[in-house]
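Undergrad: Here's a structure for you.
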Amino acid sequence: MERIILIGYMGSGKTLLGKALAESLNIRFINSDSDIEQQTGMSIGQIFEQYGEDYFRDLEQEYLKNFDTQESFVLATGGGTPCYNDQMTVLNALGTTVYLHCSNETLFSRLKNEREHRPLIAGLSDDELREAIQYRMIQREEIYQKAQIILPENEHTVVGLSRHLHQKN
């Protein structure tokens, strides 16, 4: 049974790497944000706008309860998922957690053209986006560091992640 949970800030590559890893392992790939959107019939942005972030974080918490009985998967979480409701503890108990570490500058370069698709950074100027990334990373880094594997930015490949997974086992 392989349960691999990818965590990290938005733009760190959780979905891209998660899909590739799941394909290489021939197991199911799951994106928590996409699943929540499908289940609610609303975009993450709409949920935030209509009900607020606390409501969304409660949805995430309920959503993760569905994985206790599932066998093998690669799960890409939302960037804030581990940081609320003691979810990092839940994720660590659920499977092997992998923090996709990225520098703030890498995150900025990846996110600057995706603002309209991401509710927490929509409408921010470049300077505001840099500040938001720095602020959130200061808040979240300690929690992200509780992952069982911390994958350096230069190893964000299926080969790099596979090597770290094998070293852990």
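Undergrad: Scan region 100-108 and tell me whether some residue there is more than 26 Å from F56 (Cβ to Cβ) and not in a loop (DSSP other than H, G, I, E, B).
TA: Scanning region 100-108, I find at least one residue that is more than 26 Å from F56 (Cβ to Cβ) and not in a loop (DSSP other than H, G, I, E, B), so the answer is yes.
Undergrad: When region 109-168 is examined, which residues are found to be in a helix (DSSP H, G or I) and polar (S, T, N, Q)?
TA: Answer for region 109-168, where residues must be in a helix (DSSP H, G or I) and polar (S, T, N, Q): S109, Q134, Q139, N154, S162, Q167.
Undergrad: Here is a further query. How do the pairs read when you match residues in region 99-112 that are basic (K, R) with residues anywhere that are exposed (fewer than 15 other Cβ atoms within 10 Å of the Cβ), using Cβ under 6 Å and keeping only pairs 6 or more apart or on different chains?
TA: Close Cβ pairs (under 6 Å, with a partner that is exposed (fewer than 15 other Cβ atoms within 10 Å of the Cβ)) do not exist here.
Undergrad: Regarding region 67-82, can at least one residue be identified that is buried (at least 16 other Cβ atoms within 10 Å of the Cβ) and at pLDDT below 90?
TA: Scanning region 67-82, I find at least one residue that is buried (at least 16 other Cβ atoms within 10 Å of the Cβ) and at pLDDT below 90, so the answer is yes.
Undergrad: Which condition from (1) of a type outside the set (D, E); (2) surrounded by fewer than 18 Cβ atoms within 10 Å (Cβ to Cβ); (3) more than 22 Å from L59 (Cβ to Cβ); (4) in contact with a helix residue (DSSP H, G or I) (Cβ under 7 Å, 6 or more places away or on another chain) is the one that I138 breaks?
TA: Tallying (1) of a type outside the set (D, E); (2) surrounded by fewer than 18 Cβ atoms within 10 Å (Cβ to Cβ); (3) more than 22 Å from L59 (Cβ to Cβ); (4) in contact with a helix residue (DSSP H, G or I) (Cβ under 7 Å, 6 or more places away or on another chain), I138 fails exactly one: (4).
Undergrad: Still on this model: Working carefully through the options I36, I44, find the one that is within 23 Å of Q134 (Cβ to Cβ) and either surrounded by 18 or more Cβ atoms within 10 Å (Cβ to Cβ) or not charged (D, E, K, R) (or both).
TA: Residue meeting the stated conditions: I44.
Undergrad: Looking only at region 69-118, how many residues end up being β-branched (V, I, T) and farther than 12 Å from I4 by Cα?
TA: Going through region 69-118 one residue at a time, the tally reaches 5.
Undergrad: Additional query: So which strands (runs of 3 or more DSSP E) are wholly in region 1-93 and hold at least 1 residues that are within 13 Å of the chain's Cα centre (by Cα) and touching a residue at least 60 places away in the same chain (Cβ under 8 Å)?
TA: By residue number, 3-7, 73-76.
Undergrad: For region 123-164, name all the residues that are aliphatic (A, V, I, L, M) and either in contact with an Asp or Glu (Cβ under 6 Å, 6 or more places away or on another chain) or touching a residue at least 24 places away in the same chain (Cβ under 8 Å) (or both).
TA: Passing the criteria: I133, M137, I143, A147, I149, I150, L151, V158, L161.
Undergrad: Filter region 119-169 down to the residues that are small (G, A, S) and modelled with pLDDT of 90 or more, then identify the one that is farthest from S109 (Cα to Cα).
TA: Applying the filter and picking the extreme gives A147.
The values are calculated or read from the model by the stated rules, or taken from the named source; none is laboratory data. Because the structure is predicted, anything quoted here is derived from the model rather than measured. Positions of Cβ are generated from backbone atoms using ideal geometry, with glycine treated the same way; all protein chains shown enter the neighbour counts.
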